[in-house]
1. Before I look further, what does the stretch B:10-144 give for accessible area per residue, probe 1.4 Å, in whole square angstrom?
2. Which value results for Rg/Rh of the protein assembly as shown when Rg is the Cα radius of gyration and Rh the Kirkwood radius based on the inverse mean 1/r?
3. With each label point set 7 Å from Cα along the Cα-Cβ vector, what nm distance links residue A:143 and residue B:128?
4. Could you point to the residue in B:128, B:105, B:69 farthest towards the positive end of the stretch B:10-144's charge dipole, with +1 and -1 charges on the Cβ of Lys/Arg and Asp/Glu respectively?
5. Measuring nothing but label to label, 7 Å from Cα along Cα→Cβ, what are residue A:113's distances to the other copies in nm, shortest first?
6. Can you list the lysines whose alpha carbon is less than 24 Å from that of residue D:2, not counting same-chain residues fewer than 8 positions off?
7. 7 Å along Cα→Cβ for the label point: how many nanometres lie between residue C:54 and each equivalent label in the other copies, listed shortest first?
8. Taking a point 7 Å out from Cα toward Cβ as the label site, list the nm distances between residue D:88 and the same residue in every other copy, smallest first.
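The values are calculated or read from the model by the stated rules, or taken from the named source; none is laboratory data. The model shown is predicted, which means the values in this text are computed figures rather than measured ones. Virtual Cβ from ideal backbone geometry, glycine too; neighbours counted across all protein chains shown. Ligands, DNA and RNA are excluded from the accessible area calculation, which covers all protein heavy atoms including side chains. Shrake-Rupley method; radii C 1.70, N 1.55, O 1.52, S 1.80 Å.
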Protein chains: 4
Amino acid sequence: MKQVAYIEDYSTWKEAFEFYTPIKVRFSETDMFGHMNNTAPFIYFEEARIEFMKQVGMFDNVHHKPESVPVVADLQCDFHQQVYFDDQLKMHVKVEYCGRTSYDLHYLAVNQSEEVCLTGRGRIVQINPQTGKPVEIPREIKKRFHVAE
Amino acid sequence: MKQVAYIEDYSTWKEAFEFYTPIKVRFSETDMFGHMNNTAPFIYFEEARIEFMKQVGMFDNVHHKPESVPVVADLQCDFHQQVYFDDQLKMHVKVEYCGRTSYDLHYLAVNQSEEVCLTGRGRIVQINPQTGKPVEIPREIKKRFHVAE
Amino acid sequence: MKQVAYIEDYSTWKEAFEFYTPIKVRFSETDMFGHMNNTAPFIYFEEARIEFMKQVGMFDNVHHKPESVPVVADLQCDFHQQVYFDDQLKMHVKVEYCGRTSYDLHYLAVNQSEEVCLTGRGRIVQINPQTGKPVEIPREIKKRFHVAE
Amino acid sequence: MKQVAYIEDYSTWKEAFEFYTPIKVRFSETDMFGHMNNTAPFIYFEEARIEFMKQVGMFDNVHHKPESVPVVADLQCDFHQQVYFDDQLKMHVKVEYCGRTSYDLHYLAVNQSEEVCLTGRGRIVQINPQTGKPVEIPREIKKRFHVAE
């Protein structure tokens, strides 16, 4: 696997993932080069991220005036293996770091042959949708993030 | 061109279009069969529809509590010619019929060789976003729709 | 439920569906009006259609020079109920009619409350990807289509 | 503007852009939080990248057995300002670095008020589509990349 700046030691990094969402690569997500288009991983990241956040209680009440909403500050993705139509991915998510109002999520997608296809990361800031200001992350939630110390 | 139920006489139908938006087929809108994916025309229909509605004054204030918003009741598309990456389409829109709270839009896309690629239609209902109820279309707007009587 | 031209009697029509795919409405498929964007059903139709076609053996070898590929001739969708982020849809597919080289698929999506959200239909033509010509649908496949006579 | 690792000095970095593509944020690219969904910038990056590559002669013959095709090795995006429906972006692209078989593209999107909305970067590798092996970038093309030395 090629080196990426946000992964110090791959096997340690990989072991810390506890959560994943299954993703099936859709036909409409391929392009004329015959594989998954490069815009698709960010759709998968969002899907896995939201499933993760629902599990830890960060995405409740999203339909009804939530106190805070997650806003993406940055995103990055490394493509390690070609991904094809109908590939069955396990899209893993974990919190790598958690600050006062923002946190870093890391992503790992392996395919049905357990090959590493995609890795990534991105910072999320919790924002009050009325004021546009950052909001503190509740201690309860932080605990459920299981950030390695 | 194959027959479609919503076009009685093609040349009469075509002549009534006054408005179009240029559309360039994106690479990410192709699929592994090498052409535009079948989900893309509905993106183009929406883009052309909104440009048209902005022109007639139906899509103002959409950011700030509009009195009514357009809700799609149905949509259909006929594929007449293959569409490829980088094709330059003229996506035409017209109002074919206008009722009290809803109207029928028709669509025609021709490519850079003036070939008919896509035709379509769909009903839009103007809905009050607070109550969810249909809202009457102002007489002013109806005039700008230029529906052939 | 509003009347649609391709459904004669709703309960008879509904009973003939034997196949469905579960679909979860993604956050990225919503729009600023707060619900599923109108372009999303066609993504779901394609996903369900391909799952169905894999089951009947019409979508094998799609990666390696298939004898024929499915090409969409037309598509339509009726929106019966608002669809929201995180809705769990059952997207049903059936063959309503099968000719020599083409067939009509019908679609029905119900949500987690068993409400009808989307209905639709569309013609598919099997095309030889080298010649661009229509290809006969094998008798074997036709049997598995279970078209009501 | 927040600090990002791939930009040493913002004004020097910005001045080196010579090329841009206009992008209009589509309604279908918004989400229920009322702004552009975070997956959309990567669509815009691809659109701008391909327009740039066409201009320097790297994306010719893409329909007919090209000698090499661009494959994305990694992508990243920083979100500096909220982006909304109908925003008119200028999406700039430049080659920041060019190696033997790969190159780094940098991206900058400013809105109609000349505010920096998005910055990004990503490595592209030119791959022979038959062999899957990297291909040298022709000297002719390198010259047109205008990489600052």
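1. Numbers: 5750 Å² over 135 residues.
Each residue of the stretch B:10-144 exposes 43 Å² on average to a 1.4 Å probe.
2. Values: Rg = 24.3 Å, Rh = 25.5 Å.
Across the protein assembly as shown, the Cα-based Rg/Rh ratio is 0.95.
3. Output for this residue pair reads 4.7 nm.
4. Checked the options; the winner is B:128.
5. The projected label point of residue A:113 is separated from its counterparts by 3.9, 4.7, 5.1 nm.
6. Of all the lysines, those that pass the test against residue D:2 - Cα under 24 Å, at least 8 places apart if same chain - are A:133, D:14, D:90, D:94.
7. With the label placed 7 Å along Cα→Cβ, residue C:54 yields 2.1, 3.4, 4.0 nm.
8. Sorted ascending, the copy-to-copy spacings read 2.0, 4.7, 5.0 nm.
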